[in-house]
Amino acid sequence: MEIDKTALPQIVSEEEWLAAREKLLVKEKELTRALDALAAERRRMPMVRIDKDYRFEGPDSTGNLLHLFDGRRQLIVYHFMMAPGSDRPCPGCSSFVDNIGHLAHLHARDTTFVLVSPAPLSQIEPYRARMGWTVPWFSSNGNDFNVDCGAGNGFGLSVFLRHDDNVFRTYYTTDRGVDRLRMDFNLLDLTPFGRQENWEDSPEGWPQTPPYIWWRLHDEY
């Protein structure tokens, strides 16, 4: 896309740039402290016991919700939007998974991360192979796990805690709560043009398109 040079950031001296950077840094530090306080409050959220016997099928094993913990105390579940019989995987969920790093770092803090979809495993596995993902992905086909967690036929992220053989749900988020976890979006938010979507507050003339329409599976760009 050709950009008019008048629709570029203002050119200033090094001293002026440093002053502007320091001014913004004050607000960034305020936000960091606010996010730390929010995380502290999140850690003090109450939890609810999960008594329903959901069954999950994976490529190597089948079991209940406790099984998904893989022996660890904490479990993060991304509800990947893939309905039974769907012929078009969700590009938003797919790009979210593309942004997941090596799980060893979560495992080091006694935390397991998995994907769960209502689609049958026979539908999940070919797509996982196409995308080249190694994240554990389970099917909840035939049960109400996604619905009961609040994701319904959409996407979301749930957090669970295990105490002995008891499982408790501690947190859930969706929409922008999941959006903020994506590394690509966080990196784009640091750039002059941002995500280049027309909901953003950007200067006049910045390149922008409607949201979603530019999203592709990573092998379709």
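The values are calculated or read from the model by the stated rules, or taken from the named source; none is laboratory data. Quick caveat, the model's predicted, so the values are computed rather than measured. Note that each Cβ is placed from the backbone with ideal geometry, even for glycine, and that neighbours are counted across all protein chains shown.
Tabulated data
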read-out: Some residue of region 170-187 being of a type in the set (Gly, Ala, Ser), surrounded by fewer than 14 Cβ atoms within 10 Å (Cβ to Cβ) and out of contact with any Pro (no Cβ under 6 Å at 6 or more places or on another chain); value: yes
read-out: Residue among LEU75, LEU66 that is out of contact with any Gly (no Cβ under 7 Å at 6 or more places or on another chain), surrounded by 15 or more Cβ atoms within 10 Å (Cβ to Cβ), at pLDDT 95 or above and in a strand (DSSP E or B); value: LEU75
read-out: Number of the exception - VAL48 against (1) touching a Phe, Trp or Tyr at 6+ places or on another chain (Cβ under 7 Å); (2) surrounded by 15 or more Cβ atoms within 10 Å (Cβ to Cβ); (3) not basic (Lys, Arg); value: (2)
read-out: Residue under evaluation GLN208, criteria (1) farther than 30 Å from GLY85 by Cα; (2) without any contact (Cβ under 8 Å) to a residue 60 or more places away in the chain; (3) touching a strand residue (DSSP E or B) at 6+ places or on another chain (Cβ under 9 Å); (4) in the same structural domain as VAL77 (by TED's automatic domain parsing), criterion not met; value: (4)
read-out: Hits in region 163-205 (condition: of a type in the set (Phe, Trp, Tyr), within 22 Å of MET81 (Cβ to Cβ) and more than 17 Å from the chain's Cα centre (by Cα)); value: TRP199
read-out: Tally of residues being out of contact with any helix residue (DSSP H, G or I) (no Cβ under 9 Å at 6 or more places or on another chain) and surrounded by 11 or more Cβ atoms within 10 Å (Cβ to Cβ) across region 12-24; value: 5
read-out: Residue under evaluation LEU187, criteria (1) in contact (Cβ under 8 Å) with a residue 24 or more places away in the chain; (2) farther than 23 Å from ASP110 by Cβ, criterion not met; value: (1)
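Conditions tested, residue by residue: (1) under 14 Å from PHE96 (Cα atoms); (2) surrounded by fewer than 16 Cβ atoms within 10 Å (Cβ to Cβ).
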site: PHE155; (1), (2): yes, no
site: HIS163; (1), (2): no, yes
site: TRP206; (1), (2): no, no
site: THR209; (1), (2): no, yes
